[in-house]
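J.: Before I ask anything, here is the structure I am working with.
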Amino acid sequence: MDQGWAALLGAVIGAVFGGGAAVSAAWLGRSGMKIQAQAMAQQASLQVDASREQWRRQVLREACIEFVEASRLHVHAIHRYHALVSCDQQGVDRDPEQIRRNYFNRGTRTQSAGLALEFEGSPEVRDAATRVLEAGRGIPHLSDDHANFPEALEKTQHMWEAIDEFVRVARAQLAL
């Protein structure tokens, strides 16, 4: 074989193998980019999920705080109302009508705060909030002769205990 044919054959072989290498490199690069794009999309999805979970926890935390604050203020208003009724409005340092309004307004605020937990809370949180609300509804209005005052105090204590239990359940849920 003469030198011309040898050079031509060498060039053809080089082109075939060189072109094949270029095609292989392009294909491998494309697949690597595809894998990298999939990994980036998965990472973005995980970040969105984490942000959403953080937002939901913050909403739940705020709803729990509002519920506990409203419930405790409700109990304080009940105590003041009972003091007002039991001492026949004597010796009370505030306007009796204001105390009555606070008593009823605090109950309304507690109910409203409980509604947020209906949407945001887990079943455990909702059950604990329901126990607080039921305990609050179980506190009787004082009779004219104050004969049910001991029962009212006992039921108020049940509400305090239900609030404490709610705090324990809420903390456990928020710690997850």
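The values are calculated or read from the model by the stated rules, or taken from the named source; none is laboratory data. Since the structure is predicted, the reported quantities are computational estimates derived from the model, not experimental observations. Positions of Cβ are backbone-derived with ideal geometry, glycine not excepted, and every protein chain shown enters the neighbour counts. Each accessible area value is taken on the protein alone, full model and side chains, heavy atoms only, with ligands, DNA and RNA left out. Shrake-Rupley method; radii C 1.70, N 1.55, O 1.52, S 1.80 Å.
J.: So which pairs qualify, if the first residue must be in segment 134-155 and at pLDDT 80 or above and open to solvent by less than 30 Å² (accessible area, probe 1.4 Å), the second must be β-branched (V, I, T) and assigned to a loop (DSSP other than H, G, I, E, B), the Cβ gap must be under 8 Å, and the two must be at least 6 apart or on different chains?
T.: A152/I139
J.: Another question, if that's okay. Can you confirm whether P150 is in a helix (DSSP H, G or I), farther than 30 Å from Q58 by Cβ and over 18 Å from the mean Cα position of the chain (by Cα)?
T.: Against the criterion (in a helix (DSSP H, G or I), farther than 30 Å from Q58 by Cβ and over 18 Å from the mean Cα position of the chain (by Cα)), P150 qualifies.
J.: Only residues in segment 104-128 that are touching a residue at least 40 places away in the same chain (Cβ under 8 Å) and surrounded by fewer than 15 Cβ atoms within 10 Å (Cβ to Cβ) count as the first member; pair them with residues that are part of a helix (DSSP H, G or I) and not polar (S, T, N, Q), Cβ under 6 angstrom, at least 6 apart or cross-chain, and list the lot.
T.: Qualifying pairs under 6 Å: E124/V169.
J.: Checking the condition farther than 29 Å from A129 by Cβ, polar (S, T, N, Q) and modelled with pLDDT under 65, which residue from Q36, Q89, Q47, Q43 passes?
T.: Q89
J.: In segment 131-176, what count of residues is obtained for those that are of a type in the set (S, T, Y) and either in contact with a strand residue (DSSP E or B) (Cβ under 9 Å, 6 or more places away or on another chain) or within 15 Å of E66 (Cα to Cα) (or both)?
T.: First, the residues of segment 131-176 that are of a type in the set (S, T, Y): 143, 156.
With either in contact with a strand residue (DSSP E or B) (Cβ under 9 Å, 6 or more places away or on another chain) or within 15 Å of E66 (Cα to Cα) (or both) added as a condition, the list becomes none.
Of the residues in segment 131-176, 0 are of a type in the set (S, T, Y) and either in contact with a strand residue (DSSP E or B) (Cβ under 9 Å, 6 or more places away or on another chain) or within 15 Å of E66 (Cα to Cα) (or both).
J.: Follow-up question, since we're still on this one. In segment 116-134, how many are part of a helix (DSSP H, G or I) and within 13 Å of the chain's Cα centre (by Cα)? It would help to see each step written out before you state the result.
T.: The first filter runs over segment 116-134 and keeps only residues part of a helix (DSSP H, G or I), leaving 116-120, 123-134.
This time we only want the ones that are within 13 Å of the chain's Cα centre (by Cα), so: 116-120, 123-126.
Summing the residues that are part of a helix (DSSP H, G or I) and within 13 Å of the chain's Cα centre (by Cα) in segment 116-134 gives 9.
J.: Of all residues in segment 31-80, how many are touching a residue at least 60 places away in the same chain (Cβ under 8 Å) and either among the charged types (D, E, K, R) or closer than 30 Å to E151 by Cα (or both)?
T.: At the first step, the residues of segment 31-80 found to be touching a residue at least 60 places away in the same chain (Cβ under 8 Å) are 56-57, 59-61, 64, 67-68, 71-72, 74-75, 78-79.
Imposing the further condition that a residue be either among the charged types (D, E, K, R) or closer than 30 Å to E151 by Cα (or both) reduces the set to 56-57, 61, 64, 67-68, 71-72, 74-75, 78-79.
So the answer is 12.
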